[in-house]
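Undergrad: I'd like to ask some things about the structure below.
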Amino acid sequence: MVISPNMIKQNFQVVLDEETELKLLSIADADTLFETIATHRKYLRLFLPWLDRVQAPSDSEKFIEVSSRQFEEKSGMQVGIWFRKKFIGVIGFQKIDLRNRKVSLGFWLVESAQGHGKMTQVCLAMLKYAFNDLKLNRASLRLPSSNQRARKIAERLGFSHEGDLKQAEWFYDHFEDNALYGLLESTWRDIRR
């Protein structure tokens, strides 16, 4: 099967339920993205090693500009998560590899929105898009080993723990191990039967 870059939707937007919506990040979201990161920085810093590079709304603009180019090139996409019209996080296809039919995912959610199954619901929608619309064969996650909530989400979705990378990522003042997870389209189909 030939995978066409045209399979990636031009204006990605998904309404998950009456309260939750996913949509591509745009420059108009830069201030909201920055304010959310700034407000929740202390918590998010536990799991996201790049937060110190976001010091002004212009930093969020640069991220969205890079993400927009990535989307135009059909090599990735960053999607905002809105709950009750409030921005609560991001999920992204950090790298879409159409030739090898695989994608690498990443996500974050403000602490107050956690514990209600919201990220699991969001991940399900993105995996459905990856496997059904893009016809990809594999999805992967690389998570800080200490992020037990994210690891439980991966396992709940059917991802298999494929290994660990020791001291793989610099987190401000220490190295953090990463846990690697993978999910094949065939496993996804079997779980959903």
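The values are calculated or read from the model by the stated rules, or taken from the named source; none is laboratory data. Computed from a predicted model, the values in this text were never measured in an experiment. Note: ideal-geometry Cβ built from the backbone for every residue, glycine included; neighbour counts use all protein chains shown. For the accessible areas, the whole protein counts, side chains as well, though only heavy atoms, and no ligand, DNA or RNA atoms are used. Shrake-Rupley method; radii C 1.70, N 1.55, O 1.52, S 1.80 Å.
Undergrad: Test of understanding: among 32, 36, which residue is touching a strand residue (DSSP E or B) at 6+ places or on another chain (Cβ under 7 Å), at pLDDT 95 or above and buried (at least 18 other Cβ atoms within 10 Å of the Cβ)?
TA: Working: 32 fails: buried (at least 18 other Cβ atoms within 10 Å of the Cβ).
Testing whether each residue is touching a strand residue (DSSP E or B) at 6+ places or on another chain (Cβ under 7 Å), at pLDDT 95 or above and buried (at least 18 other Cβ atoms within 10 Å of the Cβ) leaves just 36.
Undergrad: I would also like to ask the following. Could we say that residue 18 is over 26 Å from residue 171 (Cα atoms) and either among the β-branched types (Val, Ile, Thr) or without any contact (Cβ under 8 Å) to a residue 24 or more places away in the chain (or both) here?
TA: So residue 18 fits the description; yes.
Undergrad: Among the residues of region 39-81, which ones are among the hydrophobic types (A, V, I, L, M, F, W, C), surrounded by fewer than 15 Cβ atoms within 10 Å (Cβ to Cβ) and part of a helix (DSSP H, G or I)?
TA: Hit for region 39-81 is 66, nothing else.
Undergrad: Follow-up. What's the number of the condition residue 102 fails, among (1) modelled with pLDDT of 95 or more; (2) touching a helix residue (DSSP H, G or I) at 6+ places or on another chain (Cβ under 8 Å)?
TA: Of the numbered conditions (1) modelled with pLDDT of 95 or more; (2) touching a helix residue (DSSP H, G or I) at 6+ places or on another chain (Cβ under 8 Å), the odd one out for residue 102 is (2).
Undergrad: Hey, could you check region 146-193 for residues that are more than 17 Å from residue 105 (Cβ to Cβ), of a type outside the set (Phe, Trp, Tyr) and in a loop (DSSP other than H, G, I, E, B) and say which is most open to solvent (accessible area, probe 1.4 Å)?
TA: 193
Undergrad: For residue 146, work out the one condition from (1) modelled with pLDDT under 95; (2) under 26 Å from residue 20 (Cβ atoms); (3) under 18 Å from the mean Cα position of the chain (by Cα) it doesn't fulfil.
TA: For residue 146, the failing item is (2).
Undergrad: Can I ask one more? Which residue pairs have Cβ atoms under 6 Å apart, sit 6 or more places apart or on different chains, and have a first residue in region 58-83 that is more than 27 Å from residue 118 (Cβ to Cβ) and a second that is surrounded by fewer than 16 Cβ atoms within 10 Å (Cβ to Cβ)?
TA: Pairs found: 74/5.
Undergrad: How many of the residues making up region 97-124 are open to solvent by 10 Å² or more (accessible area, probe 1.4 Å) and either part of a strand (DSSP E or B) or of a type in the set (Ser, Thr, Tyr) (or both)?
TA: Result for region 97-124: 9.
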